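*Asks:* Questions regarding the structure given below will be posed in turn.
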Amino acid sequence: MNEKLIIRKGSLGKLFEQMQKSGKLIYAPVNKDDKAEFDVLNDFNNYREDYIQTVQSIKSVVFPRHEAILKYRKDHSDVKLDDIDLSSGPETVLFGVHPCDAAGFDVLHAVFTGEYNDKFFVERMKKVTVISMSCSKCDDFCFCTSVGLAPDSGKGSDILLTKLSSGDYLADVISEKGKAIIDSAKELFEETNSEQLAANTKLIADVPVKFDLDKVNNKLGTAFESPVWLAHSMRCLGCGACAFVCPTCSCFDIQDEGNSTCGSRVKCWDSCGFSNFTLHASKHNPRDEQSQRWRQRVLHKFSYQPEQLKIYGCVGCGRCSRACPVDMNLQEHLTAVNNEQ
Amino acid sequence: MEELKKKARELLEAKTVTMVIGYEEGTAGIARPAFIMDPSKAEKLIFDKRCNHNLALYLSKKEVKRAGKIAIVAPMPVMKSVIVLASENQVTENNLVVLGISADEKLVEFENFSAVEKYITEHPESYRAKDKELLDRIDKMNPQERWEFWQKELSKCIKCYACRGACPMCYCGTCTVDCNQPQWISVPSHEIGNLEWHLMRAMHLAGRCINCGQCADSCPLDLPVNILTLKISEDVLKNFNYKAGTSLQQDYVMSTYNPNDKENFIG
Amino acid sequence: MSNNEEITTKTDVKVVAFVCNWCTYAGADLTGTSRIKYASNVRIIRFPCTGRIDFMLLMKAFAKGADGIIVSGCHPNDCHYTSGNYHAKRRWMVFRTLLDFVGIDIARINFTWVSAAEGAKWAEVVNSTVENIKKLGPYTNYKALAKMMESGSLKIEAGN
């Protein structure tokens, strides 16, 4: 694997058409009221290549905002349960996602497989091919390089496209799924050699490293009682904006909905920032203050997940900080943790 | 805002208050709420057009209540919210120093809540122009167009509850939506759950919302949810002559009545 | 397949009536004992007082398949609990404005005062409401929304 090919700038649209013709459902960043957001792409003219980050992540393709996990219906005096058939979903391509979002799928994979295989994630992920686009721009909120990633990282991608100074794109074929896409449009891809590569500059953003990740991980190991959690979380509203826009957050609630004749059990997004997230039936709440919930969020991503799943729960996309109504800036907080005595 | 910084520092040094809630510089040129407890940090306080968060929401938080007597930087929306909270017995003037900010960004000091109430009456403000524009635009639509407009907007809602979090009036210890015996408002963010949530919230704010617009400003998806409460505010003013945030003696419009309330639709 | 879906054809509209025990419910009883005929599309739900009728109940009625709603109680000044109907009146004034503002069809909601002596009026109210709802047809807009509760999910869309 890891074949490197060139696709000419005019051919991206043709690649899109080819994938569309073969029945694939394609998601890509498009314009929505001047902001970039992911949506189904039907016309390549709507593709917005030039964006720093979308407001919401694309995790909803494999981890929807809400989905039925089983259905029930009354059949005379009997109650029938219906499982959800996920095998009939369309083959999906995520086109033009940034490397941070692609890496987010690796985190979701670690959470939803392993000891327990969440079939809803697994079946959906099977049908998804990720064609990511390296970042040529970034802003103050980006920090992928601080969490072991890069604006041209191939983690989680099936094909990684990188724009070159010539206007063409370098295509890094990373997985079998990626190869299948290439094979379906062979005529659009050319081989390349090291001289050609040397002659062309890759347009990759310069994302400064904001903090030392290993140091953060070490510090967090003994920071449980630190006053920094209260100090940082005073302004936190306790909403779910950060968790919901995050490409790696995967907490969910289970709700039963319906009536006496039919209904469903629904899995829907939840956030550890909500006040009742850890409320017990006894009314005891081990995390009944926002500072405890904020601490949990940071420790989960930067201490517990690396320890238990061997992967950091953050890809440095910066969405949480951008979406937060009161500027809870994750990189600022982690830097402060590092600076704590 | 030198006079503000000076006043805050004085209050903290004299231990009149243990905390000053205000605004400070945030990331990439935005402002954000600040909690100053150390007099030397009073330097961080700012005030300008970027300072729109309704700080009164923090007055109901247990971390703030625990702090005893505090001061709050209060542009007009915050002042009004303080009056509503006072009329609902959520704050007392013994525990709160209101550092008012006038429309031309000058510090206004208040002896007590009555002085704040008087100031509000003497300086009536109208709604934000863009909010009024959108309200008028929707009013002119026919019912089907309105249905489609709101369905399009509300279907985007992800039920993050940033709108609830940013609102000083949403201080219930257990929100209706968090009760699950019964689960009255649907939790998943499907169209009907979203519709029920937003309409329910608008009704719970009838006669209490002072139209600061922070619910819409805090929404990560920029949904115009404040227009729902704005519509109700206008209706409540027209029908019951009630304007939230203008009187300390104000009763909650939905738990009082006047036998002469005029309607034209009950047969 | 839900029962709701099967029954609702153009003629079989469903109307839910939220009524107070002391006036309208008694009035409806009088309609019956007087042998006055009225449409059977109505399902009557009895409350102690109109003041107890939560605004969300109206939305829930539409979500559960109602095509029309009647809300009825004691005339002003005649409330069994003195002021329940005054509170209700205020609540409906505000809620009706909000419903209309979001495009919910308020023509489908009929608010009335019907006393215990007004058996004939109750029949009139029900018949005219049912006739009106039949003209408007089933409330398809809202029913489409409510299907979510039964099906549990829609097509997945990004940013969804």
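The values are calculated or read from the model by the stated rules, or taken from the named source; none is laboratory data. Quantities reported herein were computed from a predicted structural model and do not represent experimental measurements. All Cβ positions, even for glycine, are placed from backbone atoms using ideal geometry, and neighbour counts span all protein chains on display. The accessibility values were calculated without ligands, DNA or RNA, using every heavy atom of the protein model including side chains. Shrake-Rupley method; radii C 1.70, N 1.55, O 1.52, S 1.80 Å.
*Asks:* Estimate for me the total accessible surface buried between chains A and C (protein heavy atoms, probe 1.4 Å, no ligands or nucleic acids), in Å² to the nearest 100.
*Replies:* The buried area between A and C, both sides summed, comes to about 1500 Å².
*Asks:* A further question follows. Tell me, what is the per residue accessible area of chain B in Å², probe radius 1.4 Å?
*Replies:* With the other protein chains kept in place, chain B gives 43 Å² per residue.
*Asks:* If I compute solvent accessible area with a 1.4 Å probe over the protein chains, what percent of it on the protein assembly as shown is carbon and sulfur?
*Replies:* 50
*Asks:* Same structure again: Determine the distance separating the Cα centre of region B:99-123 from the Cα centre of region A:1-61; give it in Å without decimals.
*Replies:* Here the two parts' Cα centres lie 53 Å apart.
*Asks:* Still on this model: Tell me the mean residue ellipticity at 222 nm calculated for the protein assembly as shown from its helices only (DSSP H runs of n ≥ 4, each -39500 (n - 2.57), averaged over every residue, nearest 500).
*Replies:* Estimated from H runs of four or more residues: -10000 deg cm²/dmol.
*Asks:* For region B:130-267, what Kirkwood radius comes out of the mean inverse Cα-Cα distance, in Å?
*Replies:* One decimal place: 16.2 Å for the Kirkwood radius.
*Asks:* Right, next: Ranked from highest to lowest mean number of other Cβ atoms within 10 Å per residue, what is the order of the peptides C:18-30, B:94-106?
*Replies:* Per-residue Cβ counts within 10 Å, averaged per peptide and sorted highest first, yield C:18-30, B:94-106.
*Asks:* What residues does region A:282-299 have that are buried by at least 50 Å² of accessible area in the full protein assembly compared to the chain on its own, 1.4 angstrom probe?
*Replies:* At a threshold of 50 Å² (probe 1.4 Å), the residues of region A:282-299 that become less exposed are A:Glu289.
*Asks:* Enumerate the calculated ³J(HN,Hα) couplings along region A:319-331 in order (Karplus 6.51 cos²θ - 1.76 cosθ + 1.60, θ = phi - 60°), each rounded to whole Hz, writing x wherever the residue is Gly or Pro.
*Replies:* Going residue by residue, I get 4, 4, 5, 5, 7, 5, x, 10, 6, 7, 9, 4, 5 Hz, with x marking Gly and Pro.
*Asks:* If I fit a long axis through the Cα atoms of helix C:119-136 and take the longest principal axis of the Cα atoms of chain C, what angle between them do I get, 0 to 90°, rounded to 10?
*Replies:* So the inclination is approximately 20 degrees.
*Asks:* For chain B, take the longest principal axis of its alpha carbons; what is the angle in degrees between that and the long axis of helix B:191-204, to the nearest 10 within 0 to 90?
*Replies:* Relative to chain B, helix B:191-204 is tipped by roughly 60 degrees.
*Asks:* Buried accessible area between C and B (1.4 Å probe, both chains summed, ligands and nucleic acids excluded), in Å² to the nearest 100?
*Replies:* 4000
*Asks:* Across peptide A:59-67, how many C-beta atoms of other chains are within 10 Å of each residue C-beta, on average?
*Replies:* Other-chain Cβ atoms within 10 Å of each residue's Cβ, averaged: 6.
*Asks:* Still on this model: Treating only the Cβ atoms of Lys and Arg (+1) and Asp and Glu (-1) as charged, compute the dipole magnitude of region B:2-122 about its Cα centre; round to the nearest 20 debye.
*Replies:* 440
*Asks:* Moving on. Bin width 10 Å, origin at 0, all Cα-Cα pairs of region A:22-66: what percent of pairs per bin?
*Replies:* Result, from short to long distances: 26, 53, 20, 0 percent.
*Asks:* Across peptide A:248-259, how many C-beta atoms of other chains are within 10 Å of each residue C-beta, on average?
*Replies:* Counting Cβ atoms of other protein chains within 10 Å of each residue's Cβ and averaging gives 3.
*Asks:* Next question. Compute the Rg/Rh shape ratio of the protein assembly as shown: radius of gyration over Kirkwood radius, all on alpha-carbon atoms.
*Replies:* 1.00
*Asks:* Which whole-Hz ³J(HN,Hα) couplings does region C:76-93 yield from phi under the Karplus relation 6.51 cos²θ - 1.76 cosθ + 1.60, θ = phi - 60°, glycine and proline marked x?
*Replies:* Values, residue by residue: x, 5, 10, 5, 4, 9, 6, 10, x, 6, 5, 4, 4, 4, 4, 4, 5, 4 Hz.
*Asks:* Give the A-B buried accessible area in Å², both sides summed, 1.4 Å probe, nearest 100.
*Replies:* Its buried surface, counting both partners, is about 2900 Å².
*Asks:* Quick check for me: using +1 on Lys/Arg Cβ and -1 on Asp/Glu Cβ, what's the dipole size of the protein assembly as shown about its Cα centre, in debye to the nearest 20?
*Replies:* Magnitude of the dipole: close to 1400 debye.
*Asks:* How fast does region B:2-122 diffuse by Stokes-Einstein, in µm²/s, taking the Kirkwood radius from C-alpha pairs at 10 °C and 1.306 mPa s?
*Replies:* 112
*Asks:* Additional query: Please state, as a whole number in µm²/s, the translational diffusion coefficient that the Stokes-Einstein equation yields for region B:92-208 at 10 °C and 1.306 mPa s, with Rh defined as the Kirkwood radius across alpha carbon pairs.
*Replies:* Approximately 90 µm²/s, per Stokes-Einstein.
*Asks:* Another question, if that's okay. Provide the per-residue ³J(HN,Hα) series for region C:55-64, in order, calculated from phi with Karplus coefficients 6.51, -1.76, 1.60 and θ = phi - 60°, each as a whole number of Hz, with x at glycine and proline positions.
*Replies:* 4, 5, 4, 5, 5, 5, 4, 4, 5, 8
*Asks:* Could you work out the mean count of beta carbons from other protein chains within 10 Å of each residue's beta carbon in A:226-235?
*Replies:* Going residue by residue through A:226-235 and averaging, the value is 3.
*Asks:* Oh, and also: Based only on Cα atoms, what mean projected area does the convex hull of region A:3-339 have, in nm²?
*Replies:* 20.4
*Asks:* Same structure again: Using the heavy atoms of the protein chains and a 1.4 angstrom probe, tell me the accessible area per residue for region A:215-341 in square angstrom.
*Replies:* Computed with neighbouring chains in place, this is 39 Å² per residue.
*Asks:* Write down, largest first, the equivalent ellipsoid semi-axes of chain B in whole Å, where each equals the square root of 5 times an eigenvalue of the alpha-carbon gyration tensor.
*Replies:* Whole-Å semi-axes of the equivalent ellipsoid: 33, 21, 18.
*Asks:* Now a separate question. Packing-wise, with mean Cβ within 10 Å as the measure, how do A:191-200, B:225-234 rank, highest first?
*Replies:* B:225-234, A:191-200
*Asks:* Average projected area of the Cα convex hull of region A:5-87, in nm²?
*Replies:* Computing the convex hull of the Cα atoms and averaging its projections yields 8.8 nm².
*Asks:* Continuing with this model, one more query. Once amide H atoms are placed 1.01 Å from N in the peptide plane, what residues at a sequence separation of 5 or more from C:Asn110, or on another chain, have their amide H within under 5 Å of its amide H?
*Replies:* So C:Asn110 has HN proximity to C:Ile69, C:Ile70, C:Val71.
*Asks:* If you don't mind, another one. Which whole-number percent gives the relative contact order of chain A, counting Cα pairs below 8 Å spaced six or more residues apart?
*Replies:* Averaging sequence separation for qualifying contacts and normalising by length gives 22 percent for chain A.
*Asks:* Which listed residue (A:Phe112, B:Gly207, B:Pro33) has the Cα farthest towards the positive end of the charge dipole for the protein assembly as shown, taking +1 on Lys and Arg C-beta and -1 on Asp and Glu C-beta about the Cα centre?
*Replies:* Towards the positive end, the residue furthest out is B:Gly207.
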